[in-house]
Amino acid sequence: MGGLKEELSRLTKEKIGRLAYERRVRLVEEFWYRLERFVREMDIRNIKIYQDGLPAIDEQVDNIVEQTARKGSRNYKLLKDLKERGGVIVGTEDPELLKKEYELLKLVVESSSSGMDQHRSSLKELLIQRDKFIAKRIDETLYKGERGLLFIGAMHRVENYLPRDIEFRTIHI
């Protein structure tokens, strides 16, 4: 997926301009600094950690986290730290939906502007399917007395699909 990420970054830079891109990079850096500080201070007893994009293949979760952290992902380094401090990382997403999203994103990068609208609509529907799966996964794995920590992208609306007995709070960093 590395090549796709670089291509999306290049397209973003071209679309919004260099100065705006550099500002966005600084904002992202500030976000990670604040998030890492917040998580370091967090009490993680009885906590399960759910990660956007982490497939619900429980026997592979620890390996995926370890490998991705080793590659330099700040997000996964944070997950690894939480696990080492006693947090339980739970596979969160349907692997088939993740594959579909990857294929659609490739099509978006390769598409002409006229084909992008169709792909965007498909991506939006796929995001809803992913949110429903994530909410179901949380409901199935988070037991009474436990707390969950969900790392999720801003476009998601998982809270719309969680059962009413799960309290959901957004933390603004």
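The values are calculated or read from the model by the stated rules, or taken from the named source; none is laboratory data. Only a predicted model underlies this, so the values are computations on that prediction, with no experimental measurement involved. Virtual Cβ from ideal backbone geometry, glycine too; neighbours counted across all protein chains shown.
Some notes on this structure:
- Residue satisfying all of: in the range 35-48; exposed (fewer than 12 other Cβ atoms within 10 Å of the Cβ) and among the basic types (K, R); farthest from K83 (Cα to Cα) among these: R37
- Looking across the range 126-154, the residues that are touching a helix residue (DSSP H, G or I) at 6+ places or on another chain (Cβ under 8 Å) and farther than 16 Å from L97 by Cα come down to I138, G148, L149, L150, F151.
- Just one of (1) at pLDDT 90 or above; (2) assigned to a loop (DSSP other than H, G, I, E, B); (3) among the basic types (K, R) fails for R45. It is (1).
- Subset of the range 126-170 [within 18 Å of R45 (Cβ to Cβ) and touching a residue at least 12 places away in the same chain (Cβ under 8 Å)]: T141, L142, G145, E146, R147, G148, L149, L150
- Qualifying residue in the range 151-173 (condition: touching a Pro at 6+ places or on another chain (Cβ under 9 Å) and in a helix (DSSP H, G or I)): no
- Criterion applied to N63, N46 was being without any contact (Cβ under 8 Å) to a residue 12 or more places away in the chain and closer than 21 Å to T141 by Cβ, and the one residue passing it is N63.
- Under the condition of being within 14 Å of the chain's Cα centre (by Cα) and aromatic (F, W, Y), the residues counted in the range 19-62 number 2.
- Residues located in the range 7-34, provided they are more than 29 Å from A135 (Cβ to Cβ), at pLDDT 85 or above and surrounded by fewer than 12 Cβ atoms within 10 Å (Cβ to Cβ): R26, E29, E30
- Unmet criterion (only one of (1) in contact with a Leu (Cβ under 9 Å, 6 or more places away or on another chain); (2) under 25 Å from R169 (Cβ atoms)) for A56: (1)
- Of L79, L98, L104, all but one fail to be farther than 19 Å from L149 by Cβ and within 16 Å of the chain's Cα centre (by Cα); the exception is L98.
- Search result, residues across the range 72-97 that are more than 15 Å from V61 (Cα to Cα) and at pLDDT 95 or above: E96, L97
- Residue match in the range 107-118 (condition: within 27 Å of F38 (Cβ to Cβ) and either of a type in the set (S, T, Y) or modelled with pLDDT of 90 or more (or both)): no
- Any helices (runs of 4 or more DSSP H) falling wholly within the range 71-144 and containing at least 1 residues that are out of contact with any strand residue (DSSP E or B) (no Cβ under 6 Å at 6 or more places or on another chain), surrounded by 15 or more Cβ atoms within 10 Å (Cβ to Cβ) and small (G, A, S): 113-141
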